[in-house]
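K.L.:
One structure follows; several queries about it will come next.
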């Protein structure tokens, strides 16, 4: 009998122990592992207010302010705390309809009933000031201050870029960001985001049951101060940038101007352009779709992303490469045989310098043929493979066929075809010079990006080297620089060949029979090379230049899309005006300036193929 009661007692003890163990495990789970309830209790008593730092300012090379900050306010909501709420009064304060209120609140609840999220973003000082004294009446709402970008001048949108709210990819890529944060989306804002953004701070505030702030929690021991972003001092010349954009008004194309000795970009203008303030704050929601659907593609940065046939400006690269390879000499001459490839009327070139001046197509047909078919192998296909490999090597050294290390996102590499490229198309033994001769005059499979064209002008100006084109001079209070922008990239081509090319480019502008007399600026030794690039629709007008001939201070590339008349008609005079503006500080040829500023030479879109 005693054993029976003893067994029952053990069972009861086991039950009590099991229940106690369940309670212990559950309490441990709630207190040690499940953060929901502690977080909920804390959020009912504490408010974590992010302190956003002021984003770094952006200046031009002369210290002119380009981008600064303006205070705005985000109205935040914690849905679970909304109680005894006068919806009608709230909607009157914010001047919104009840339907909009309900929609915004549903979105906030969907994000989290317990955590704060933006109810209405980027309210101006005036909007916030009109009802801030009424905010205490609405439990669950509070205001968080932040800053918005303002662009002092309506220029350089493609360079400066814009900021926007982070998306899921941004948050997953960098744990620094939370929903509602902003990040650089394009241009310098994106490239130098870690420098410009600074570091967020946080204030932990004690709030009462009415959602009113009592004061800092633990006397501010948990608070952290925001750290302002560092300022950027760019290489841009704001005045020259504004002038370049005015010259490209009513046109499609781009202008790139670089200081040859340093690689500092003075101007990078893509046309059509847009006011960067159009993509700031709540305006962006309406303006971005309009800009992105525009047939002229104003959001497209042609200077870095457009892959064009270079046309005859490529002949400068062909000339110095052929001289270095030893397949021609400075005195090599060829007849202007139009049966080989079309050309305009001019005498036959008796030297490399004359060929550059007159831009003779048959001449460079022969030059390219000598580079590709050097007679080292009996097989034409094998000989062409050998020659193209050598040619490709030098083109890469000249900065083509690769992404130049400019400090902007989205830069394209263009295309310099190699043997693998043609082997994929024609098979290893299915091509030779006769297949690819269009490359000789900058057509065919050759594609370049305008920044590469301006870089070629820098290389000739420097007589054989270039510094990586860049937009940052220095940043921060200690004037920090990027060492990679100080390096000289040697092409491996003798200086004397670039000297010869420079003389030829001088003759293009100043010599009898030159193709770019409209680029001539009185008192300045402008050196240039025209190009007329065939494509869909009317030809593109192309020009590269540097000035002066000795100790150059500026190198320029101008590309005007579908502008009938060739490089000498449109791109060359625009380049001349920009050079005059930079070197002389003003343009005195007002009638000449007005002609090219007001002209609209570009064929309208959509384009039709030539018959």
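K.L.:
Calculate, in nm to one decimal, what residue 344 and residue 246 gain on full extension: separation in residues at 0.36 nm each, minus their alpha carbon distance.
P.N.:
Values: separation 98, 0.36 × 98 = 35.28 nm, distance 3.21 nm.
Extra length from residue 344 to residue 246 when fully extended: 32.1 nm.
K.L.:
Using Cα pairs under 8 angstrom and six or more residues apart, how large is the relative contact order of the range 374-502, in percent?
P.N.:
Across the range 374-502, relative contact order equals 23 percent.
K.L.:
From the alpha carbon gyration tensor of the range 211-253, can you work out the equivalent ellipsoid semi-axes (sqrt of 5 times each eigenvalue) and give them in Å, largest to smallest?
P.N.:
Largest first, the range 211-253 gives 51, 16, 7 Å.
K.L.:
May I ask you to order 336-345, 537-546 by the average number of other C-beta atoms within 10 Å around their residues, highest value first?
P.N.:
Going by the mean number of other Cβ atoms within 10 Å, highest first, we get 537-546, 336-345.
K.L.:
Normalising by the residue count of the range 46-234, find the relative contact order in percent from Cα pairs under 8 Å and 6+ residues apart.
P.N.:
With pairs under 8 Å counted, the relative contact order is 35 percent.
K.L.:
At each listed q (0.15, 0.19 Å⁻¹), what is the log10 of I(q)/I(0) that the Debye formula gives for the range 46-234 modelled as equal alpha-carbon point scatterers?
P.N.:
-1.00, -1.36
K.L.:
Based on alpha-carbon centroids, what's the gap between the range 184-262 and the range 126-142 in Å, whole number please?
P.N.:
27
K.L.:
If you find the alpha carbon centre of the range 505-519 and of the range 333-379, how far apart are they in angstrom?
P.N.:
If we compute the Cα centre of each part, the gap is 20 Å.
K.L.:
What ranking do 46-52, 354-360, 440-446, 94-100 get when scored by the average of other Cβ atoms within 10 Å per residue, highest first?
P.N.:
354-360, 440-446, 46-52, 94-100
K.L.:
What list do you get for 489, 366, 346, 158 if you sort them by fewest beta carbons within 10 Å?
P.N.:
By the 10 Å Cβ count, ascending, the order reads 346, 489, 366, 158.
K.L.:
How many angstrom lie between the C-alpha centres of the range 74-120 and the range 574-611?
P.N.:
If you average the Cα positions of each part, the centres end up 53 Å apart.
K.L.:
Within 10 Å of each residue's Cβ, count the other Cβ atoms and sort 517, 470 from fewest upward.
P.N.:
Placing the least packed residue first, the sequence is 517, 470.
K.L.:
With a cut-off of 17 Å, note down the residues of the range 366-405 whose backbone N falls inside the zone around a label point 7 Å from the Cα of residue 487 toward its beta carbon.
P.N.:
Hits in the range 366-405 for residue 487 at 17 Å: 396-400, 402-405.
K.L.:
Using label points projected 7 Å from each Cα along Cα→Cβ, tell me how many nm separate residue 396 and residue 115, to one decimal.
P.N.:
Modelled inter-label distance: 4.7 nm.
K.L.:
A further question on this structure: At residue 64 and residue 176, where each label point lies 7 Å from the Cα along Cα→Cβ, what is the point-to-point distance in nanometres?
P.N.:
Rounded to a tenth, the inter-label distance reads 3.0 nm.
K.L.:
Next question, about the same structure. Would you calculate the convex hull of the Cα atoms in the chain and tell me its volume per residue in Å³?
P.N.:
Considering the Cα atoms of the chain, their hull volume per residue is 261 Å³.
K.L.:
Run the numbers on the chain and let me know its relative contact order in percent, using alpha-carbon pairs under 8 Å that are six or more apart.
P.N.:
13
K.L.:
In degrees from 0 to 90, rounded to the nearest 10, what is the angle of the helix 361-372 Cα long axis to the longest principal axis of the chain?
P.N.:
70
K.L.:
So between residue 286 and residue 89, what do we pick up on full extension, going 0.36 nm a residue minus the alpha carbon distance?
P.N.:
Result: 68.1 nm gained on full extension.
K.L.:
Between 0 and 90 degrees, rounded to the nearest ten: what's the tilt of helix 2-28 against the longest Cα principal axis of the chain?
P.N.:
Compared with the principal axis, the helix lies near 40 degrees.
K.L.:
Can you give me the angle between helix 450-462 and the longest principal axis of the chain, using Cα atoms only, in degrees from 0 to 90, rounded to the nearest 10?
P.N.:
Helix 450-462 sits at roughly 60 degrees to that axis.
K.L.:
7 Å from Cα along Cα→Cβ at both residue 420 and residue 553: what's the point-to-point distance in nm?
P.N.:
4.5
K.L.:
For residue 15 and residue 536 in one chain, what is 0.36 nm times their gap in residues minus the Cα-Cα distance, to one decimal in nm?
P.N.:
Going from the current span to full extension adds 178.9 nm.
K.L.:
I would also like to ask the following. Per-residue ellipticity at 222 nm for the chain, helices alone: DSSP H runs ≥ 4 residues times -39500 (n - 2.57), over residue total, nearest 500 deg cm²/dmol? Present the calculation step by step, with values, prior to reporting the outcome.
P.N.:
On the way: 22 runs with 220 residues, N = 611.
Per the formula, -10500 deg cm²/dmol.
Laboratory data are not the source of any read-out in this text; all were calculated from the coordinates shown. Fair warning: this is a prediction, and the values are worked out from it, not measured in the lab. Ideal geometry is used to build each Cβ from the backbone, glycine not excepted, and the neighbour counts take in all protein chains shown.
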